[in-house]
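A.B. asks: Submitted below is the structure of interest, expressed as structure tokens.
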Amino acid sequence: MTIPVVLVLDTGDGDEEHAEEQLQHLIAELSELDLDSIDRVTQGPPPPGSRSTEAVQLGALILALGGSGALLLVLAAVVQDWLNRRRSGSVRLKIGEDEIEPTGASDEVQRRALEAFLRRHGD
């Protein structure tokens, strides 16, 4: 069974080039995990004159977690660590209609919200 997780990065600065650079850094870290796949989220046909066959959503990935979802805890830890090191921006993790947006802050409320999210979708 594969669990699709949508990850959306928001650098908060509106700079598309910076957002893409940050996304590439995050992809590099995520690629070290044992994920089934990491793909860009497409948003339909590209604008006229584009060479691409599909337009991608800026800052959005779809990750395939294999097995029972035990990797979700590891994924959340990697994302949280990545955010803490940058001290800005946010990442939304979405499974089905359920989503959470961890930030670089590490307060008690956020920790409990993340734990509840992981319990709902983890092993």
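A.B. asks: Between GLU108 and ALA28, what length in nm is gained on full extension when 0.36 nm per residue of separation is reduced by their alpha carbon distance?
C.D. replies: Residue separation times 0.36 nm, minus the Cα-Cα distance, leaves 25.9 nm.
A.B. asks: Calculate, in nm to one decimal, what ALA64 and GLU16 gain on full extension: separation in residues at 0.36 nm each, minus their alpha carbon distance.
C.D. replies: 14.8 nm
A.B. asks: Would you tally the net charge around ILE62, using a Cβ to Cβ cut-off of less than 12 Å, leaving ILE62 out, and scoring K and R as +1, D and E as -1?
C.D. replies: 0
A.B. asks: THR2 to SER88: FRET efficiency via 1/(1 + (r/R0)^6), r the Cβ-Cβ distance, R0 41 Å, to the nearest 0.05?
C.D. replies: That gives a FRET efficiency of 0.80.
FYI, it's all coordinate maths here, none of it is from the lab. Keep in mind the model is a prediction, meaning the values are calculated, not measured. In this analysis, Cβ positions are derived from the backbone assuming ideal geometry, glycine residues included, and neighbour counts consider all displayed protein chains.
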